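S.K.: This structure is in structure tokens; I'll ask about it shortly.
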Amino acid sequence: MTEYGAKPSVAIVGFGLVGRVVALELMARYQLTIFEKDPQDAQTGAGTLAAAMLAPLAESVICDQALAEQGLKSIAMWPKLLAKLDSQVFFQQQGSLIVAHQQDRGDLLSFQQRLKPLKQHRAETVNQLEIAKLEPELGSKFSQGLFLPCEGQLDNQAFFTSSYDTLVARGVQFHFAQEAKIETGKVNNQAFDWIIDCRGFGAKQDKPGLRGVRGEVARIYAPEVKLQRPVRLMHPRYPIYIAPKPDHQFVIGATEIESQDAADITVRSTLELLSAAYTVHSGFAEGRVLSLNAGLRPAFVDNHPHIDIQDNVISINGLYRHGYLLAPVVVQQALSKGLL
């Protein structure tokens, strides 16, 4: 264990989104060792594939109010977390726009009715002129929509790169491509003062009830498309989101698939995603497909994050489709049990 005068030692098992947030919160006060079963350059985790939208109001349609309010709190925490990084990561809070074609007005109204009030934040009904003011390139295509001013997003790939570089510069020890066996007080027979289990879906064999929820995304380079904020399309069969990132890149995805199939994205899903994106903006037709991916997000039956503590092992898991939305606040709650 820790010698007198040395920083307490902490092992972080799993270096996805949650593991990185944990490491950034602890790097100044603890001696960190990180274990990750995948290679350093692997792009297989849910955190590398996500659109990284911070959308508590939109997500309130499918989660309870307490979680949505935690998401609102978490948005305010992201700038402080990103300020710990050695390089800048794109972050914005300019709201998100929900649009629907005229024939899908019923889906838009249904979505609006299911939104939960979040303190002083409300959805604003927008017409064609107001859509054009928010997103000039969409004003000619849509005459109905909702604007959710409190919402935001960040660049997940830049966050993954910058967080790793920052932690390396702080002397954090890494063990990539290595399965970690967690025992009381030890990881792979090495003793630590604290162990933080951030394995996500990788902990399925140790977490009864943990399941994977499939997500499929495309990352597109489309210089002819100029969107300022995340856009969601209401559609009975092909609801999608489009999240603009730096350098004319866009992450396009659907909501979720209740499946634990981790195989590559299907042709059908690819056609549906890209066809729906084209109906939002024809400029996607001339775009370049940078990647097509599928991944599994960890979730429990209640779709709530779970924090478990046994001796000196703290487990954080089950962030479901709310990883970027909830990670800062959930990590803070977990670490307040003894490390912060």
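The values are calculated or read from the model by the stated rules, or taken from the named source; none is laboratory data. Everything numeric here is computed off the predicted structure, so don't read it as measured data. Positions of Cβ are generated from backbone atoms using ideal geometry, with glycine treated the same way; all protein chains shown enter the neighbour counts. Calculation scope for accessible area: heavy atoms of the full protein, side chains included, ligands and nucleic acids excluded. Shrake-Rupley method; radii C 1.70, N 1.55, O 1.52, S 1.80 Å.
S.K.: To the nearest 10 degrees, how steep is helix 17-26 against the longest Cα principal axis of the chain, on a 0 to 90 scale?
M.R.: Here the helix axis deviates by roughly 50 degrees.
S.K.: Moving to a separate point now. Treating the angle as unsigned and between 0 and 90°, give the value, to the nearest 10°, between the Cα long axis of helix 267-280 and the longest Cα principal axis of the chain.
M.R.: Computed tilt is about 50 degrees.
S.K.: Can you give me the distance in nm between label points at Asp64 and Phe176, each placed 7 Å from the Cα along the Cα-to-Cβ direction?
M.R.: For the pair Asp64/Phe176, the computed spacing is 4.0 nm.
S.K.: Here's a follow-up. So what's the angle, to the nearest 10 degrees on a 0 to 90 scale, between helix 156-169 and the longest Cα principal axis of the chain?
M.R.: Between the helix axis and the principal axis of the chain, the angle is about 20 degrees.
S.K.: What FRET efficiency would be calculated for the residue pair Thr161, Asp308, taking the C-beta separation as r and a Förster radius of 22 Å, to the nearest 0.05?
M.R.: 0.15
S.K.: If you don't mind, there's one more thing I want to ask. Taking all protein chains as present, what is the carbon and sulfur share of the accessible area of the chain, in % to the nearest whole number, probe 1.4 Å?
M.R.: That share works out to 49 percent.
S.K.: Averaging over all projection directions, find the projected area of the Cα convex hull of segment 5-106 and quote it in nm² with one decimal place. Display every interim value, and only then the final one.
M.R.: On the way: hull surface 39.5 nm².
So the mean shadow area of the Cα hull is 9.9 nm².
S.K.: Quick one: compute the contact order of the chain, relative version, from alpha carbon pairs under 8 angstrom and 6+ residues apart, as a percent.
M.R.: It comes to 24 percent, rounded to a whole number.
S.K.: Under 22 Å Cα to Cα from Lys204, which lysines show up? Leave out anything in the same chain fewer than 8 places away.
M.R.: Lys37, Lys181, Lys186
S.K.: Compare the peptides 269-280, 21-32, 202-213 by average per-residue count of other Cβ atoms within 10 angstrom and give them in order, highest first.
M.R.: With the highest mean Cβ count within 10 Å placed first, the list reads 21-32, 269-280, 202-213.
S.K.: Shifting gears a bit: For Lys73, list the lysines whose Cα falls under 17 Å from its own Cα; do not include residues on the same chain fewer than 8 positions away.
M.R.: Once the sequence-local lysines are set aside, what remains near Lys73 is Lys116, Lys119.
S.K.: Probe of 1.4 angstrom, ligands and nucleic acids ignored: what's the accessible area per residue over the chain, in square angstrom?
M.R.: 45
S.K.: So how much slack lies between Arg114 and Glu130, counting 0.36 nm per residue of separation and subtracting their Cα-Cα distance, in nm?
M.R.: Here the answer is 3.5 nm.
S.K.: Sticking with this structure for a sec: Just reorder Trp78, Trp194 by solvent-accessible area, largest first, 1.4 Å probe, all chains present. Let's see the in-between values first.
M.R.: On the way: Trp78 0, Trp194 55 Å².
Ranking Trp78, Trp194 by accessible area, largest first, yields Trp194, Trp78.
S.K.: Which label marks the calculated value of Rg/Rh (Cα atoms, Kirkwood Rh), given the options (1) 0.98; (2) 0.96; (3) 1.16?
M.R.: Answer label, from the structure shown: (1).
S.K.: Okay, moving on. Is there a quick way to get the dipole size of segment 196-287? I mean about its Cα centre, with the Cβ of Lys and Arg at +1 and of Asp and Glu at -1; what is the value in debye to the nearest 20?
M.R.: Numbers: 12 positive and 11 negative charges, 49 e Å.
For segment 196-287, the charge dipole is close to 240 debye.
S.K.: Could you calculate the contour length gain from Asp206 to Ala169, that is, 0.36 nm times the residue separation minus the distance between their Cα atoms, to one decimal place in nm?
M.R.: 10.0 nm
S.K.: Express the relative contact order of segment 207-305 as a whole percentage, based on alpha carbon pairs under 8 Å and six or more residues apart in sequence.
M.R.: 43
S.K.: Just read off the accessible area of Cys198 with the full protein assembly in place, 1.4 Å probe, to the nearest 10 Å².
M.R.: That residue has around 10 Å² of solvent-accessible surface.
S.K.: Which residues among segment 275-298 fall inside the zone where the amide N is under 16 Å from a point 7 Å beyond the Cα of Ser87, along Cα→Cβ?
M.R.: Of the residues in segment 275-298, none has backbone N under 16 Å from the label point off Ser87.
S.K.: Need one number: nm distance between label points at Leu290 and Ser259, each 7 Å from Cα along Cα→Cβ, rounded to one decimal.
M.R.: Distance between the two pseudo-spin positions: 2.5 nm.
S.K.: Moving to a separate point now. Just flag the GluC sites (Glu not before Pro) in segment 150-183 sitting in loop per DSSP whose Cβ has no more than 13 other Cβ atoms within 10 Å.
M.R.: Hits after loop and neighbour filter: Glu179.
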